[in-house]
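First comes the structure, then the notes that go with it.
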Amino acid sequence: MDIADLVTFARSTKWAVEASVAADGRPQAAVIGVAVTDRLELVFDTMGDTRKAENLRRDPRVAVVLGWDDGQTLQIDGVADEPTGAELAELKKVYFARFPDGPEREGWPGIAYFRVRPRWARHSDFRGATPVIHTLELAPR
C-alpha cells in the first residue's frame, strides 16, 4: 500500500475524527468533514474560536481517524497549519469540490481552514479472517 492507495481510501470517506491537545493537556476530539489532496493532506474548515482551532494554533500536532465503516480505518498523525494566499486558494478548491456547501461558509466571520500534513499513517483492514495492516512513515514537508 502506498500514498496513492491511502489517498483513494481517504477520499472514499467524508468524515473523520480529529484529536488535539488542550492547553492543560487534556485530549479533545471532534468530528470534521475532510477533503484529501493528492499528497494525502487533509483539509477542513472550522470556526476560528473552536477548541480544535485554538488547540492546533497552540500545538499543531494532530491525530485523525478516517473510515471505520466496513472494517477499514486510516489513522494519520501529522502537523496542522493554516495556509494563506495562493496556497489556501488551491486547498479551498480541493475542499469545495468535496463539500459544495463550503463556499457558503467561506463568508462566515471567523471561519478558518486547516491542513493536516501527515507524518505517519496506518491503514487497517479487518474485513478478512486475518487483519491486513500497512504502516507508513512519511517525510515531514
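The values are calculated or read from the model by the stated rules, or taken from the named source; none is laboratory data. Since we're looking at a predicted model, the values are computed, not measured. Neighbour counts run over all protein chains shown; Cβ positions are idealised from the backbone, glycine included. Accessible surface areas use protein heavy atoms only, side chains included; no ligands, DNA or RNA. Shrake-Rupley method; radii C 1.70, N 1.55, O 1.52, S 1.80 Å.
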Subject >> Cut-off 12 Å, label 7 Å out along Cα→Cβ of L88, residues of region 111-133 by amide N >> reply: 111-115
Subject >> Choice from I32, I76, I111 showing the highest fluctuation, given a GNM over the chain with Cα pairs closer than 10 Å >> reply: I111
Original post:
Which Rg and Dmax, in Å, describe the Cα atoms of region 45-141?
Top reply: 15.8, 50
Subject >> Accessible solvent surface per residue of region 1-109, calculated while the other protein chains remain in place, 1.4 angstrom probe, Å² >> reply: 52
Subject >> Zone of I111's modelled label, taken as backbone nitrogen in region 36-50 under 16 Å from a point 7 Å along Cα→Cβ >> reply: 43-50
**OP:** Using R₀ = 30 Å, calculate the FRET efficiency as 1/(1 + (r/R₀)^6) where r is the Cβ-Cβ separation of R127 and R98; round to 0.05.
**Re:** 0.75
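Roll a 1.4 angstrom probe over the protein heavy atoms and tell me the percent of accessible area of the chain that is carbon or sulfur. Walk me through the numbers before you get to the answer.
Numbers: 4100 of 7420 Å².
Carbon and sulfur atoms account for 55 percent of the accessible area of the chain.
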Original post:
Tell me, what is the 1.4 Å probe accessible area of K93, in Å² to the nearest 10?
Top reply: 130
